[in-house]
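One structure below.
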Amino acid sequence: MVQHSSQRRDSDYDRISSECCDCCLLAKDLLHKNQPCIAPTGFSAACLKSFTRCCQGSLEITQSFPQITGVPTSDSNAVFLGDRCINAKCEHLCNDRGGETIECSCRSGYDLGPDGYSCVDRNECRSSTPPCVWGREVCVNTIGGYLCQPLRPLARRPFSGERPRFARKRDDNRRAATRRAQTFVPFPTAPVGGGSDAPACPTGWYPRDGKCVDVDECNLGSHDCGPLYQCRNTQGSYRCDPKKCGEGELQNPQTGECTSIDCPLGYYPSNGMCHDVDECATGERCAPGEECVNTAGSFRCQQKGNMCAAGYAVNEATGFCDDINECLDSTVCGGLMCINLPGSYKCRCNAGYEFNEKTKRCEDIDECEKFAGHVCDLSAECQNTVGSFICKCKEGFELAADGRRCEDINECERGTARCEQKCINIPGSYQCICDRGYTVGSDGRTCEDIDECALWAGSGSDLCMGGCVNTKGSYLCQCPPGYKIQPDGRTCVDVDECALGECQGHERICVNTLGQFKCHRIECPPNYVHDNNYKNRCNRLRSVCDGIPDSICKARFPVHITWQYIAIPKGIIISSHRPTITLFTIKGPAHNDSIVQFELNLKRAIPEAPSVLLAIRQNFLLQKGKDRNSAVVAVRDTLDGPQTIEMELILRLTKRNHFAGKYVANLIVHVASHKRHSNTFGY
């Protein structure tokens, strides 16, 4: 018996050894860096022991950490850290980390008691995952560990004769254990290892319900009987009996398996081999004046006293052996063509048959099995018949003229397909499809109209700007006011009311919006007059600056004020592919000695319907234009509508580092109540 013999304990030992090495390296690294040798929280007992031993006497503390000293106790395996551990009650290990209390821990194989300082032996044999191999080992608990008592019997060399093999089990506690006739034996008075409540049974037995029960090595597979032997369980041991095969069976010398012997015609199985049948010993087989000669797997009849080989007879005139022409006997081939051969003959069989040399008969050829995959088309099933075969094509195919190939039936051309609209031929079948605006019904044949209006309603991608009217296989659109329908019956185009002469007058500016129009009246503020060339501009009077310092006049009164307008649909799409959409481009003086600074402000947003989300300044972006002293005002977010947004763009002009005046552009954005219209504006 070997303590901690299972693979699980070996892996635990390797893990603990690696952990202790890592803990010691950590201690040495702290000493090398001249840092306090304090173990982190969570170390195991084995790791803490290794860490402490590598730290002892090698550090001079310079910081305000408690000094760590190793203080041995009466137990050479116990290590205490810190001065308070001297008077501690820890049974095994003590660790003073400088906190309010000290910590006690136990060595491997023990658990910390409920009092917090005593160590109680851990019964590994009662754990949820037993450490020993079930059925092969018996677990015996010891103080601080456990034993795995092997149940494997002594290996015996197999007997070469027919005598049964026996394997006597070795008992490490009793050198010569006697076999017991009963199934149960009482527990020994003293368990192996001492100090444990787990019983120890002789080898070949295991404890159960206060008794020792026989181990069935044959059922567990723990025997060493070879493949040529059969395991028989005995009380406390087992024996190996040689396997025997029945009459007409053959034993595999490697695996010991018995397989049936299938002997050819003229042979019989015996003792694992095929033996020739002596047909001549079973009765009269030859004609009078002939004698029966047994051959391998058959027999032949020859003249009595004939010393010639099979198929030959003595020529009375010459004394030589001449070939026997078996074809002279009309019954030899049963009416088929007979071909005489030296010492033998052969029957020429009809198509679909082949000659069997053993039976001397013509037998049917199973073409489907012999030439599988090469007789009929892949789309056909081969059926063998007497002397021939038949190829039956699968559904959707028909047999070609050669009787082997299968050709696809085009149901669409023959008119056998039952499609309401269109038919597509596929190998072995057909498929019904429908015209645009229809979908195939559940029967796979009829076509049902697609209600495009209901399908796209409320999806955010309505088919029509206005109303949608479903039709058979299609749909029609109705345009909202201010739009007109196009010849395709689906596209709505905005009506340009301004082009129709709306909003007359020099001081009026007509702005076409989506679905309607706006008539803006330009009213110049005091001290400004309308520009004769531009209806959307008001110029400053020259007399405004009379009596006012030039710098104050330029800062207070813009040189001119302009109004610019644009109409966009609501819900314009802003994405990573198009993060902004340009609304206005404003250009200032392009002289090399001039510099223009731009400032954009949102004056107000006016809703034109309830529950409209109004725009804010952050929805717009002021960017530098491509040309010198130019700027671009773009929208960076989706805007709700309908609403009117008024913004103010201030241009401050500097020439040769001197302020030369400012200009103001009023930017008006009309957001429509519709999401889209024709793609004229690219929205």
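Structure notes:
- Cross-linked pairs 554/626; 484/626; 358/394; 484/587; 304/346: Cα-Cα separations exceed 32 Å for 484/626; 358/394; 484/587.
- Working from label points 7 Å from Cα in the Cα-to-Cβ sense, the residue 542 to residue 431 distance is 8.4 nm.
- Selection of GluC sites (Glu not before Pro), the range 279-313, meeting DSSP coil and at most 13 other Cβ within 10 Å: 284
- Dipole of the range 503-681, positive end: most advanced residue of 654, 526, 638 [Cβ charges, Cα centre]: 654
- Fewest-first ranking of 488, 224, 366, using other Cβ atoms within 10 Å as the exposure measure: 488, 366, 224
- Estimated vicinal HN-Hα couplings, Hz - the range 492-506 in sequence order (Karplus 6.51, -1.76, 1.60; Gly, Pro = x): 10, 10, 5, 8, 7, 5, 5, 6, 8, x, 6, 6, 7, x, 5
- Computed from the C-beta positions of residue 296 and residue 392, the FRET efficiency with R₀ = 45 Å rounds to 0.55.
- Given charges at Cβ of Lys, Arg, Asp, Glu: the range 299-443 dipole, positive-most of 331, 308, 416: 308
- Environment charge of residue 524, counting only residues whose C-beta is closer than 14 Å and scoring Lys/Arg +1, Asp/Glu -1: +2
- Theoretical FRET efficiency, 1/(1+(r/R0)^6), r = Cβ-Cβ of residue 456 and residue 630, R0 30 Å, to 0.05: 0.10
- Calculated FRET efficiency for the pair residue 244/residue 108, C-beta based, R₀ 56 Å, to 0.05: 0.55
- The range 257-262 - phi-based ³J(HN,Hα) in whole Hz, Karplus 6.51/-1.76/1.60, Gly and Pro as x: 6, 9, 10, 5, 9, 9
- Likely footprinting exposure, 249, 363, fewest C-beta neighbours within 10 Å first: 363, 249
- Full extension of the chain segment joining residue 257 with residue 276 gains 4.4 nm, where the gain is 0.36 nm per residue of separation less the Cα-Cα distance.
- Ellipsoid semi-axes in whole angstrom, largest first, where each is sqrt(5λ) of the Cα gyration tensor of the range 384-530: 69, 14, 12
- Ranking of 603, 211, 662 by count of other Cβ atoms within 10 Å, fewest first: 603, 211, 662
- Computed label-point distance, nm, for sites residue 622 and residue 284 using a 7 Å Cα→Cβ extension: 13.4 nm
- Spin-label pair residue 448-residue 53: with each label point 7 Å from Cα along the Cα-Cβ axis, the two points sit 8.2 nm from one another.
- Whichever aspartates and glutamates have a C-alpha closer than 19 Å to that of residue 244, once near sequence neighbours (fewer than 8 apart) are set aside: 162, 224, 257, 262
- Relative to one another, the C-alpha centroids of the range 358-380 and the range 404-424 are positioned 33 Å apart.
- Aspartates and glutamates whose Cα lies under 17 Å from that of residue 624, excluding same-chain neighbours fewer than 8 positions away: 599, 648
Every number here is computed from the coordinates shown, using simple stated rules; none is lab data. Fair warning: this is a prediction, and the values are worked out from it, not measured in the lab. Here Cβ is always computed from backbone atoms with ideal geometry, including for glycine, and neighbour counts include all displayed protein chains.
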